[in-house]
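Have a look at the structure below before the remarks.
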Amino acid sequence: MAAPTQIPAEKFAGGRIDVTHQGEVDRIRRQRRRRAIGGRTVLYTIAIVAALYAAGPFIWSAITSFKVDPDLYTKANNPFIYNLPPTLEHWRFLLFDTQFLTFAWNTLWVGFLVVSITLFVGLPAAYALARLEMKWSGPLGIAIFFVYLIPPTLLFIPMTRVVGNFELLNNTWSLVLIYPTITIPVSIWLLTGFLKGIPKDIEEQALVDGYSRLNAFVRVVIPLAFPGIVAVIVFAFTLTAHEFIYALAFLSSTPAKTISIGVPTELIRGDVFFWQSLQAAVVFVALPIALVFNLLLGRFISGFTMGAVKG
Amino acid sequence: MTPAHRADEVGTVAPDTVTRVPEPTPRPQLARRRLADREGFLAKLFLLPTVAYIIGLVAFPFVLAIVFSFSDVTTGNPSLDFVGLRQWRTILGSRVFWTAFRNTITFTVISMALIVLIAHVLATVLVKDFKGKWLVRFCVLLPWTTPVALAAVSWLWLLNSIFSPIDWVLRWFGLIEANMYYLGRPVLAMGSVIAVHVWRIVPVATVIIMAGHMAIPGEINDAAEIDGAGFWRKLREITIPLTLPISAVAVLFGAILTFADMTVVFILTRGGPTQATQVLSSWAFFKGIEGGDLAQGAAVALFLFPLLLAAAIAILRAVRRTEVM
């Protein structure tokens, strides 16, 4: 084994590097700078490659959505530039000649109702798990989390029967009823984390000031947890907008569909693909959600760390 | 309730030792505090809707799935007649089932390995400060925030047999002569499905792992740097051990999303070519909803449960042991 230190002992003064020894200082400076420049290069390379890999299909979708047919359907044409003048025709087709706007509207109001139900049910439950003293709160929290592990793929067949019994097949309300089974467990998990992050002293002060537990929860805790709640609203909404399997199993009539199933099932008719309009739909939906998500990213991160204490 | 808790609640300046806490004096408002203040009651009230929802719309359908799998129910004949293990025997005897089972495992294991690796690299980069970080974060999040079905449609064209832009690029560089037919050849089709999945789930895993990176106290890294530790040393001895539990959470989330997902398969390949990309969830859908055989569909879907449960328990245990959650 090599000796642990190669630097002669006289260059150290009390464990520090002897600053009077100019050569040694320069060597360390050079090493630091080399590391910093190397690190920066690697950092930017990875960042650029990752950004291109992730966003590539969308950039390409955006380009394609304005292409005329002869441009798109010529094998030799460069797919990344306009070989023929671009057109707005396919956007017009998507927005006015298909039911896309109906799908978008369905997605929005299903999302709104599901998020409302999720908060109404999940917020008190998360508070109970985070704060109220119970023997069985630990196991119950894990049990609720485990519900998340029973995915739609496992339940869609019996769920179709349940929805049929409520006479909701082919009705968007079926989604309003069933989607909270997906959003509630995840939201409770995130919200428990946010609520644990609120210092206990604040509500205890409220209790001392004469608030009841219920009042303290409604008037003190909920306003304080508001940033976390906003994150959960966006998260739950995204989950409902993404859901595919239940929607595919429950809905077959066009006016009831959401974006998630409407676009792939209505804009692809057998072997006929409305390619540019499909790509337009992808861009139209992807960008706004990604923007909102990006603004809230920090909150999701603190939600996932679960109860990271913040002052 | 222990004296310590009550002391906390009335806001007594609680000393560190429990023994010295005096009994709290009765509060003047005590008369007003009845139901709204009883913790046990409130807790039950607060949890009741959740528990009711889960029992009614998760536990009940789950039991129904089990009942279905022992019956001969189809969409044409909705009455439940008990047929014992017949459906299970049919499924276990079918070749497609074992293909789908193998595919599900291959698909999940390869995707997860790639996802965790890429997510760690990306998380390391994205917690640093650099110019244009906002744009990079935005781009990286896009695959996650787009509905899966739409993202898959975008990929369907990228992998098109004739007009694939990927093929165009490869041809342009002179790497291939003819097109690749990504979705037409068994191995390439599986590779494509895995690639799309990795692309889609890496952002979620990255966000979760970033949480782990940020939770490492800055002093630890500073101290290590002062002691002369380089990037790899810090990675091996600080970052990896300290982010292990949160990585487990990312794996758990990612595994559920990959394991139980059929959207990508449904849109890209519909299980083809010749069942090469058929997974349990997509096969359950084709059998149960499109084929109308609810009993067999339910039985196939139920196969996912023990596997998911085992993975979840293993991962939660790993997390508990490291005591970060």
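The values are calculated or read from the model by the stated rules, or taken from the named source; none is laboratory data. Just so it is clear, the structure is predicted and the values come from calculations on it, not from any experiment. Positions of Cβ are generated from backbone atoms using ideal geometry, with glycine treated the same way; all protein chains shown enter the neighbour counts. Quick note on the areas: whole protein, heavy atoms, side chains included, nothing else; ligands and nucleic acids left out. Shrake-Rupley method; radii C 1.70, N 1.55, O 1.52, S 1.80 Å.
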For this session: Return a yes/no flag: does the range B:176-195 have any residue that is open to solvent by 10 Å² or more (accessible area, probe 1.4 Å) and closer than 22 Å to B:Ala248 by Cα.
Result: yes
For this session: Would you mind listing the helices (runs of 4 or more DSSP H) fully within the range B:211-325 where at least 2 residues are facing chain A (nearest Cβ under 10 Å)?
Result: B:240-259, B:263-268, B:280-285, B:294-302, B:304-322
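Return yes when B:Ile256 is open to solvent by 10 Å² or more (accessible area, probe 1.4 Å) and touching a Leu at 6+ places or on another chain (Cβ under 7 Å) and no when it is not. Let's see the steps before the verdict.
Values: open to solvent by 10 Å² or more (accessible area, probe 1.4 Å): yes; touching a Leu at 6+ places or on another chain (Cβ under 7 Å): yes.
So B:Ile256 fits the description; yes.
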Seminar exercise, completed: Of (1) at the interface with another protein chain (Cβ under 9 Å from one of its Cβ atoms); (2) open to solvent by less than 10 Å² (accessible area, probe 1.4 Å); (3) in contact (Cβ under 8 Å) with a residue 40 or more places away in the chain, A:Ser277 satisfies every one except (1)
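With the range A:108-206 as the region, which helices (runs of 4 or more DSSP H) entirely inside it contain at least 3 residues that are within 10 Å of chain B (Cβ to nearest Cβ) and surrounded by fewer than 24 Cβ atoms within 10 Å (Cβ to Cβ)? First the steps, then the outcome.
Working: elements: A:137-147, A:152-165, A:173-178, A:180-196.
In the range A:108-206, A:137-147, A:152-165, A:180-196 are the helices (runs of 4 or more DSSP H) which contain 3 or more residues that are within 10 Å of chain B (Cβ to nearest Cβ) and surrounded by fewer than 24 Cβ atoms within 10 Å (Cβ to Cβ).
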For this session: Test A:Phe80 against the criterion of being open to solvent by less than 50 Å² (accessible area, probe 1.4 Å) and over 30 Å from B:Ser69 (Cβ atoms), and give yes or no.
Result: no
Problem set entry | Exclusive hit being open to solvent by 30 Å² or more (accessible area, probe 1.4 Å), modelled with pLDDT of 85 or more and within 17 Å of the chain's Cα centre (by Cα), set B:Phe305, B:Phe286 | B:Phe305
Seminar exercise, completed: Result of the Cβ filter at 8 Å on the range A:10-36, keeping first residues that are surrounded by 10 or more Cβ atoms within 10 Å (Cβ to Cβ) and in a helix (DSSP H, G or I) and partners that are modelled with pLDDT under 75 and of a type in the set (Gly, Ala, Ser), at least 6 apart or interchain, is none
Exercise. Open to solvent by less than 30 Å² (accessible area, probe 1.4 Å), modelled with pLDDT of 85 or more, in a helix (DSSP H, G or I) and at the interface with chain A (Cβ under 8 Å from one of its Cβ atoms) - does that describe any residue in the range B:88-107?
Worked result: no
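Quick one: is A:Thr98 open to solvent by less than 80 Å² (accessible area, probe 1.4 Å), at pLDDT below 85 and within 18 Å of A:Phe284 (Cβ to Cβ)?
Details: open to solvent by less than 80 Å² (accessible area, probe 1.4 Å): yes; at pLDDT below 85: yes; within 18 Å of A:Phe284 (Cβ to Cβ): yes.
Answer is yes for this residue.
Every residue, every condition in (1) open to solvent by 20 Å² or more (accessible area, probe 1.4 Å); (2) assigned to a loop (DSSP other than H, G, I, E, B); (3) of a type in the set (Phe, Trp, Tyr); (4) on the phi < 0 side of the Ramachandran plot, yes or no:
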position	(1), (2), (3), (4)
B:Ser111	no, no, no, yes
B:Thr124	yes, no, no, yes
B:Asp129	yes, yes, no, yes
B:Trp134	yes, no, yes, yes
B:Phe138	yes, no, yes, yes
B:Leu141	no, no, no, yes
B:Ala151	no, no, no, yes
B:Ser161	yes, yes, no, yes
B:Trp168	yes, no, yes, yes
